[in-house]
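Colleague: Pasting a structure here, questions to come.
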Amino acid sequence: MMTTATKITLLRVAMIPAYMVFMYLSGGEPNAWMWAGLAVFILASITDYIDGQIARKCNQVSDFGKFLDPLADKLLTIAAMTMFCQWGSFPAWALMIVLTREFAVSGLRMVAGPKGKVIAAGKSGKFKTASSMIGLCVLMAFPTVPVVSWVVVGVIVITTVYSGVEYFVQNWNCLWD
C-alpha cells in the first residue's frame, strides 16, 4: 500500500517535467514562463518538507520512501542546474561536482547496504539540499544578475563538497571488508 508521504514524493517527481517545460519556454529570461517555473519549483521543494513531516509523524517511513525521497530531490535540483548550465548561468564544472557527489554517496550506500549498514541522510546532506533549493529559487528570481549566479554556485559547491566529504569520513569503514 502506498503511503501519503510516498504519494507526495511522487507528486514532486511528477512536477519536474512541468518545471522543465516552463523553464525551457522562458529561454533563461525573466518572464512569465520563468515565474511559472519558479512557482512549480517552490511547490515541489515544499513537498520535500511535507512528505518528511508526514512520514515521521504518521509512522509512514518506508524503505521505498527512503529510496524515493532523496532521488526526487536530486532529480529536481539537477534539473534546475542543468537548465541554468545550458544558459551559461551555472558552470558545467559545478554541475559535475554535484553529480560526482551524488553518484559517490549513492555508491557508498550501495556498498554499505549488503553489510547491514543504512546510511541515512545526515544534517549536512539535508542542509545541502535545502540551500541548493533556496539558491536555485534565488537564481530563478534573478536569472540575469551575474553576482547572484556566482553566489548561488559557490553555496551549492561548498555545501555539496562538505556534505560529500562528511558522508565518506563518517562511513569510511563501509568501504573495507
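The values are calculated or read from the model by the stated rules, or taken from the named source; none is laboratory data. The structure presented is a predicted model; accordingly, all values stated were derived computationally and were not measured. Here Cβ is always computed from backbone atoms with ideal geometry, including for glycine, and neighbour counts include all displayed protein chains. The protein model used for the area step is the full one, side chains on, heavy atoms only, and it has no ligands, DNA or RNA in it. Shrake-Rupley method; radii C 1.70, N 1.55, O 1.52, S 1.80 Å.
Colleague: Treating only the Cβ atoms of Lys and Arg (+1) and Asp and Glu (-1) as charged, compute the dipole magnitude of the chain about its Cα centre; round to the nearest 20 debye.
Modeller: On the way: 13 positive and 9 negative charges, 87 e Å.
So the dipole magnitude of the chain works out to roughly 420 debye.
Colleague: Now for a different question. If Lys and Arg each add +1 and Asp and Glu each add -1, what is the summed charge of the other residues whose beta carbon sits under 15 Å from the beta carbon of I8? Walk me through the numbers before you get to the answer.
Modeller: Values: positive: K7, R12, R56, K57, K66; negative: D48, D51, D69, D73.
My count for the surroundings of I8 gives +1.
Colleague: Within 10 Å, count the other beta carbons around each residue, average over each peptide in 104-111, 18-25, 57-64, and list them highest first.
Modeller: Details: 104-111: 15.8, 18-25: 17.6, 57-64: 12.1.
In decreasing order of mean packing, 104-111, 18-25, 57-64 become 18-25, 104-111, 57-64.
Colleague: Among M81, G37, T9, whose Cα sits farthest toward the positive end of the charge dipole of region 1-124 (+1 at Cβ of Lys/Arg, -1 at Cβ of Asp/Glu, about the Cα centre)?
Modeller: Farthest towards the positive end: T9.
Colleague: Right, another one. If the chain between A18 and M110 were fully stretched, how many nm would it gain, using 0.36 nm times the residue separation less the Cα-Cα distance? Walk me through the intermediate numbers first.
Modeller: On the way: separation 92, 0.36 × 92 = 33.12 nm, distance 3.08 nm.
Computed gain between A18 and M110 is 30.0 nm.
Colleague: Expressed as a rounded percentage, what relative contact order does region 100-177 have, with Cα pairs under 8 Å and six or more residues apart?
Modeller: Values: 51 pairs, mean separation 35.8, N = 78.
Taking the mean separation of contacting Cα pairs over the length of region 100-177, I get 46 percent.
Colleague: OK, next. Taking the full set of protein chains and a 1.4 angstrom probe, give the accessible area of M140 in square angstrom, rounded to the nearest 10.
Modeller: 0
Colleague: Can you pull the semi-axes for region 50-104, root of five times each eigenvalue of the Cα gyration tensor, sorted largest first, whole Å? Don't skip to the answer; put the middle values down first.
Modeller: Values: eigenvalues 175, 29, 9 Å².
After scaling each eigenvalue by five and taking roots: 30, 12, 7 Å.
Colleague: Nearest 10 degrees, 0 to 90: what angle lies between the long axis of helix 146-170 and the longest principal axis of the chain (Cα atoms)?
Modeller: 10
Colleague: If you don't mind, another one. Using the crude model of +1 on Lys and Arg Cβ and -1 on Asp and Glu Cβ, and no other charge, please compute the dipole size for region 109-177 relative to its Cα centre, in debye to 20. Spell out each step's value before the answer.
Modeller: Values: 6 positive and 2 negative charges, 40 e Å.
Magnitude of the dipole: close to 200 debye.
Colleague: Another question, then. Would you mind computing, in nm to one decimal, how far apart the modelled labels at Y49 and F142 are, each placed 7 Å from Cα along Cα→Cβ?
Modeller: 2.1
Colleague: Excluding same-chain pairs closer than 8 in sequence, count the lysine pairs in the chain whose Cα atoms lie under 20 Å apart.
Modeller: The number of close lysine pairs in the chain is 16.
Colleague: Here is a follow-up. Against the 2.2 N^0.38 Å scaling, with N counting residues, where does region 52-170 land? I'd like the Cα-based Rg ratio to two decimal places.
Modeller: Details: Rg = 15.3 Å, N = 119, 2.2 N^0.38 = 13.5 Å.
Rg over 2.2 N^0.38 Å, computed on Cα atoms: 1.13.
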